[in-house]
Amino acid sequence: YQRRVRGTLTTSMPFTSHTGQSEVAFSPAASRARVQAVQELCASLDVDAILAIPGIDGRRNDGAGPLLNYLLFGTCGSELESVTSTVHDEMDDVLLAVERDRVQMFVPPSAVNLVEEVVQLWPNLKVHTLNEEQQMDTDLGEEKKTGVFVQMTAHCRRIGVPVPGVSIGEPMTGHCAVETWPMVQAYAVEDREDGVSRGFFTLNHTVCSVHQELVEKCYRAVDSHVFERLVRQNLPLLRYHWEAAVRALDLPTGVERAYVTESSVIEPLLTYYSYGSLGDQLDETPRVLFGRRSDDPDLLSDESTVGATGCYGDDWSHTGESEAHNCAVHLTIEAAEPQGPLRCARTYTLSCGSDPVENDPVQKFTAQNVERVQRLYLSLIHI
């Protein structure tokens, strides 16, 4: 694990938490791959550039921040859809135009140190910034930034802008949201060095919203950085709570296990999933199902116990068999990480299936059912 400190590389041990998670740095190579993904999107949508104007100059629109966070800071998955601001306030003054074969950026001096390392592998990159005089004079600084914006878009016929809620086919002209952005309005009053203003941005360029396309093709894609985060952060956390759930079956012994409930086993996984899904509809709710209940795809975990979910159903007492004959011999656990692609399901047997003691009908009954479950499971996975 390496990090750069004032131009030098230092090596340190990666941090690992008690849950087994470790830090994942967003590398220049991963950033380059994401820029190239956006460039491929430009080509597929037939747009000359995708533009991001965050902060006040973009009237704090909800589309620019996620794009910058995706390209520059390694933000992944649902964070790109739920968080609309930039990771750092200094990034609010950035301008970004990703074209099919090059990238142009305006970066204020206060944000240079935030991006200079991660963009070092971007192909054909041109970065604009302010000199000392322009930093001292606000008017000169704004004039420079507006001039860069005009230069970025001058040769672009069709420009994509991430505007949530607007589809790519909807016309964006006249009094559309983009025309209310201060930077776009500054473009309109900027003269062409002949005393004539440029006029509406959307009259000089064909503008379309590409927000949904960015979400589907880029933000939700599992690229190298997302995969590394899944392996080193998301998977260890899911495993940590999964093992906590399984331990609920290890604590009780003997007849005590018959009174273990589904809800007590699933509690660690359910808490983990519910907490991570705050504000969202739970569509992958974790569940543990004992015995015969595992056959119903619509059931959720409740207070059902190991001792009451065997094959005889709720009316086991009418069969003439002992209560022990109605213990579940298997269970299923299904769980997912919140806001992520990881899903897992597993079947466990509640007995090892060893040879029963001679003339012990309860052990014989259990062993026979465990064997049936194991054979069925092996048949399903083609072993």
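DSSP loop (so not H, G, I, E, B), at most 13 other Cβ within 10 Å: list which trypsin sites (Lys or Arg not before Pro) in segment 133-189 pass both filters.
Loop-located and lightly packed - Arg157.
Between segment 75-105 and segment 230-273, what's the alpha-carbon centroid distance in Å?
39
Taking 0.36 nm per residue of sequence separation and subtracting the Cα-Cα distance, how much length would be gained by fully extending the chain between Tyr275 and Arg60, in nm to one decimal?
Result for the pair: 74.5 nm of gain on full extension.
Is there a quick way to get the dipole size of segment 253-306? I mean about its Cα centre, with the Cβ of Lys and Arg at +1 and of Asp and Glu at -1; what is the value in debye to the nearest 20?
240
Do you know the relative contact order of segment 96-155, to the nearest whole percent, from alpha carbon pairs under 8 angstrom that are 6+ apart?
32
Determine which residues of segment 140-177 fall in the zone a paramagnetic label at Leu203 would reach in this model, i.e. backbone nitrogen under 14 Å from the point 7 Å along Cα→Cβ.
The answer is 173-176, whose backbone nitrogens lie closer than 14 Å to the label point.
Please give the contour-minus-distance gain from Leu378 to Asp89: 0.36 nm per residue of separation, less the Cα-Cα distance, rounded to one decimal in nm.
Full extension from Leu378 to Asp89 adds 98.5 nm.
Mind listing the phi-derived Karplus ³J(HN,Hα) values for segment 201-213, rounded to whole Hz, using 6.51, -1.76 and 1.60 with θ = phi - 60°, and x for any glycine or proline?
Per residue, the Karplus-derived 3J(HN,Hα) values read 4, 6, 8, 8, 9, 7, 10, 9, 8, 10, 4, 5, 5 Hz.
Which value, in debye to the nearest 20, gives the size of the charge dipole of segment 164-253 about its Cα centre, when Lys and Arg are +1 and Asp and Glu are -1 at the Cβ?
My answer is approximately 520 debye.
Over segment 50-154, with the other protein chains present, what is the accessible area per residue in square angstrom, probe 1.4 angstrom?
Normalised by residue count, the accessible surface of segment 50-154 is 45 Å².
What does the highest-first list of 236-247, 54-65, 169-180 look like by mean Cβ count within 10 Å?
Working: 236-247: 16.6, 54-65: 21.2, 169-180: 14.4.
Per-residue mean Cβ counts within 10 Å order the peptides as 54-65, 236-247, 169-180.
Given an 8 Å cut-off on Cα distances and at least 6 residues of separation, report the relative contact order of segment 103-235 as a percent.
Relative contact order comes out at 22 percent.
To the nearest 0.05, how large is the calculated FRET efficiency for Ala345 and Glu116 if R₀ is 35 Å and r is the Cβ-Cβ distance? Could the numbers behind the result be given before it?
On the way: r = 45 Å, r/R0 = 1.30.
My answer for the efficiency is 0.15.
Given 0.36 nm per residue, what is the gain on full extension from Gln36 to Thr285 after removing their alpha carbon distance, in nm?
Computed gain between Gln36 and Thr285 is 86.1 nm.
If I take R0 = 22 Å and measure r between the Cβ atoms of Asp296 and Leu251 in this structure, what FRET efficiency does the formula 1/(1 + (r/R0)^6) give, to the nearest 0.05?
Details: r = 27 Å, r/R0 = 1.23.
For R0 = 22 Å, the calculated efficiency reads 0.25.
Counting alpha carbon pairs within less than 8 Å and at least 6 residues apart, what relative contact order, in whole percent, applies to segment 32-99? Working shown, then result.
On the way: 80 pairs, mean separation 28.2, N = 68.
Averaging sequence separation for qualifying contacts and normalising by length gives 41 percent for segment 32-99.
Assuming R0 = 35 Å, can you tell me the calculated FRET efficiency for the pair Val231 and Tyr259, based on Cβ-Cβ distance, to the nearest 0.05?
Working: r = 38 Å, r/R0 = 1.08.
Taking R0 as 35 Å, the efficiency between Val231 and Tyr259 is 0.40.
So, with a 1.4 angstrom probe, what is the percent of accessible area on segment 136-178 that is carbon and sulfur?
55
The values are calculated or read from the model by the stated rules, or taken from the named source; none is laboratory data. What you see is a predicted model; the values in this text were computed from it and never measured. Please note: Cβ atoms are built from the backbone with ideal geometry, for glycine as well, and neighbour counts cover all protein chains shown. The accessibility values were calculated without ligands, DNA or RNA, using every heavy atom of the protein model including side chains. Shrake-Rupley method; radii C 1.70, N 1.55, O 1.52, S 1.80 Å.
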